[in-house]
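K.L.:
Quick one: structure below, then a few questions.
Please treat every number below as a calculation from the coordinates, not as lab data. Since the structure is predicted, the reported quantities are computational estimates derived from the model, not experimental observations. Here the Cβ is made from the backbone with ideal geometry for all residues, glycine too, and neighbour counts use every protein chain on show.
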Amino acid sequence: MEYLETSEFKGLENKDELCAMTIDRARVMIEEWKQACDIRTGSHQIGTATASIMEQHNTDAQLPATRVQWQRPPRGRLKCNVDASFSTAMNRTRINICVKDDDGAFVLAKTITFNVIHSVHVGEALGLYYAMEWLSDMQLHNVDFETDSKTTHDAFHAPKDDVSEFGHIISACRSLFNNHLTNSRVEFTRRQANEVAHALAGEATLSASPIIYFNPPHCINNIIFNEMI
């Protein structure tokens, strides 16, 4: 009788150990899943739902699917690609700007970080504004500005009264463009052709100050090389 009681006790003890191991394993899996979600969210977060993001960004999801590549500007011109990235995990909006010449060679790049999450439309419009401000300060002309935000592109080319924050930024863009950027233009491109500016978001930094790159960051080296071929 004493032996049976001991066996039963050991059996229950083994079951408890198995349960504890299962629970611990589940906890580990949950933590790993959370960490993976945090990394994925922090890298380039632009909303809480994919459908909503694509609707706001108004890019490739609403256009016929075709393969688009970055195109060099005509001789004697510069191309400035602009993109905005958003991280809810870090509560940051980041503007990414890259300038290349008519050979497709890197000229300059700049990133600007804001410690606030803007809406997609506002963030993309800010990207265009700060790109124009930067190049006009350097007194550069003959620039083709490219954005993958069709909303920003269309608003820029269709002046109308808009008292929203987005509308005020677009008006500021037009003012800079008309007064300081001779023989320049604003064009829409798809995300695939704006890959360099988009990839600059990978140059993660905690610095709140703008950063200017006189040499191409590692994250865009291969992209620029492939686009020059």
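K.L.:
Order of 122-129, 221-228, 96-103 by packing, highest average Cβ count within 10 Å first?
P.N.:
Taking the mean over residues of other Cβ atoms within 10 Å, the ranking is 122-129, 96-103, 221-228.
K.L.:
According to a simple spin-label model (label point 7 Å from Cα along Cα-to-Cβ), what is the distance in nm between ASP103 and VAL116?
P.N.:
4.2
K.L.:
Amide H to amide H under 5 Å from SER184: which residues, 5+ apart in sequence or cross-chain, H placed 1.01 Å off N in plane?
P.N.:
Here ASN142, VAL143 satisfy the definition.
K.L.:
Given contacts defined as C-alpha pairs under 8 Å and at least six residues apart, what's the relative contact order of segment 52-228, whole-number percent?
P.N.:
Result for segment 52-228 is 29 percent.
K.L.:
Using mean Cβ contacts within 10 Å as the protection proxy, how do 78-85, 184-191, 154-161 order, highest first?
P.N.:
In descending order of packing, they fall as 78-85, 184-191, 154-161.
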